[in-house]
Every structure is written in structure tokens, then in C-alpha cells.
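Below is one structure, written out as C-alpha cells; comments come after it.
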Amino acid sequence: MASRTRRSAGTRTFLDVLLHMVRIRRLSTERDLADLKAGTTLEVACSSSTLGTVRMLKIGKGGEIAHTAGGRLYLADGVPPRWRNVRTGETVTVEGPFTVTPSEHKAVLRQFVRLDLTAGGEQHVIIIPKADLALVTQVLEGVAA
């Protein structure tokens, strides 16, 4: 049986924001966790410059920075998280054990938080909606346990 997939409470489209404003759809971290336990796969907006193929962008005179690719982090109960690049479709399974810590650098947009993720001995930087911070940390801690 295929798992049902839906966006998490913090990953919103324009329609989700409108439905939230008129009190038709009110999602929460608690509901996300309950749905996760019931077998629903949650899709979290997650940008990263280190997951998947790293693309370098030229800046200034001879400088380069890693391109931050937009993607989705798929969380399912009992399954390692998967990150999918929205533009290229590349999928990466993120293996544990996990350590999630706040980054010393801030995210560009105030609705997002930048985290340092250690997964399977590799260092990654992820940027997720602040509303999904509790969900992502609880799920990754649960996978590590």
C-alpha cells in the first residue's frame, strides 16, 4: 500500500495561507506527528547547499560559493529521511545517526531557520521553515534512537 504524502504545517503554498487566514485549514506540529505515526509521509520545504550534487557559482573576481538548491525533505515513520532537489529531481537518502544544531549563520528570510545537520558522519546545512523546526528535530531524533 502506498503511503499518503502531504505538506507539513510550515510548508505552505499561497492557497494554504489563504485557507489558514479564513480558518478552514489549521495545521500544527502535533497533527503532523499524529499523521506521521498513522503512516502519512510529510513533505517539508528544505533548501541545502550540501545535499546532493553541489553546484558552485562564480562570484566576484575568482570567488566561488555553493549554490543553495531548493528541495523537499520527505519524512516517514521508520524510514530514513529523503531529500529531493526540486529543479533536477535528484533524490538523496540521508542516513543517521543525526545531530541537529542551530547554525551560527542566519537564514536570509525571517520565516526560515538555518541548521547544521550531521548525518552519518557528514556535515550538511539545511534551511527549513521555522514552523517545522520542532517536527524535523523530533523526527530526526526519533530516527536516531
Has the range 58-80 got any residue that is part of a loop (DSSP other than H, G, I, E, B), over 14 Å from Q138 (Cα atoms) and touching a residue at least 40 places away in the same chain (Cβ under 8 Å)? yes
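Can you tell which of L15, L73, L42, L27 is among the aliphatic types (A, V, I, L, M) and in contact with a Pro (Cβ under 7 Å, 6 or more places away or on another chain)? Before you say what the answer is, go through the steps one by one.
Values: L15 fails: in contact with a Pro (Cβ under 7 Å, 6 or more places away or on another chain); L42 fails: in contact with a Pro (Cβ under 7 Å, 6 or more places away or on another chain); L27 fails: in contact with a Pro (Cβ under 7 Å, 6 or more places away or on another chain).
The match here is L73.
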What are the residue pairs meeting all of these: first residue in the range 92-120, first residue more than 22 Å from T53 (Cα to Cα) and of a type in the set (F, W, Y), second residue at pLDDT 85 or above and not in a strand (DSSP E or B), Cβ atoms under 8 Å, and 6 or more apart or on different chains? F112/K130
Count, please, the residues in the range 126-139 that happen to be assigned to a strand (DSSP E or B) and exposed (fewer than 14 other Cβ atoms within 10 Å of the Cβ). 0
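Yes/no per residue for (1) at pLDDT 85 or above; (2) at positive phi; (3) assigned to a helix (DSSP H, G or I):
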site	(1), (2), (3)
G89	yes, yes, no
V100	yes, no, no
H105	yes, no, no
R110	yes, no, no
T118	yes, no, no
H124	yes, no, no
E141	no, no, yes
Do we have any residue at all in the range 40-57 that's modelled with pLDDT of 85 or more and farther than 22 Å from F112 by Cα? yes
If a residue has to be within 15 Å of the chain's Cα centre (by Cα), assigned to a loop (DSSP other than H, G, I, E, B) and without any contact (Cβ under 8 Å) to a residue 60 or more places away in the chain to count, how many in the range 40-57 make the cut? 1
Filter the range 1-39 for residues that are buried (at least 17 other Cβ atoms within 10 Å of the Cβ), assigned to a loop (DSSP other than H, G, I, E, B) and of a type outside the set (A, V, I, L, M, F, W, C) and give the result. S8, G10, T11, R12
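Condition first: closer than 18 Å to R7 by Cα and of a type in the set (A, V, I, L, M). Now tell me which residues in the range 103-145 satisfy that.
Our first condition is that a residue be closer than 18 Å to R7 by Cα; within the range 103-145, this holds for 111-113, 126-140.
Matches in the range 103-145: V113, I126, I127, I128, A131, L133, A134, L135, V136, V139, L140.
The values are calculated or read from the model by the stated rules, or taken from the named source; none is laboratory data. From a predicted model like this one, the values you see are computed outputs, not experimental measurements. Glycine also receives a Cβ, built like all others from the backbone with ideal geometry; neighbour counts cover every protein chain displayed.
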